[in-house]
1. Can you tell me how segment 4-52 classifies by the Cα gyration tensor, rounded, prolate or oblate, using a/c under 1.5 as the rounded cut?
2. So how much slack lies between T59 and A22, counting 0.36 nm per residue of separation and subtracting their Cα-Cα distance, in nm?
Amino acid sequence: MFITELWQSIFTPGTTPALLKATHASFILLILSLIWLIYLSGSIHFINLLVIAVLLYATVIWFVNELEQVKLKSNDDIEQEEDQAEQTEKTEKSEETEPKNQTKQSEQSEQSEQSQSSTTGSKGSSSAPRKRKV
């Protein structure tokens, strides 16, 4: 029965044929009702509502078609993607910290060379102190 299929489709991810049939039927009945009201009253308000309803119906059809083109992912697939993203972030962070550590080590070695040259410079060496790289 259509009603039970429609009720079960509420608990099913994605779109189901019963849900699509109900959506199309609802919008068609809404549009027909608005056309009938325009015929009876000729009110600009019903014309505006008809335009809004038609645009909404077109948007819903477009969205449903987009959903059908995209593969729905399970929770396990989503968790695996998140784990992969975390691992890539960790590797990127470790790659970023390596150059920082290397620059710190080079600065420390330059400072130790300067301190050694300053101690040897007092013994008669006339070398000028090096400028630190920034």
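Computed from the coordinates by the stated procedures, all read-outs in this text should not be read as laboratory data. Small disclaimer: the values here were computed from a predicted structure and weren't measured.
1. Numbers: a/c = 4.87, a/b = 3.26, b/c = 1.49.
Prolate is the answer for segment 4-52, as a/c is 1.5 or above and a/b outweighs b/c.
2. Stretched fully, the T59-A22 segment lengthens by 11.7 nm.
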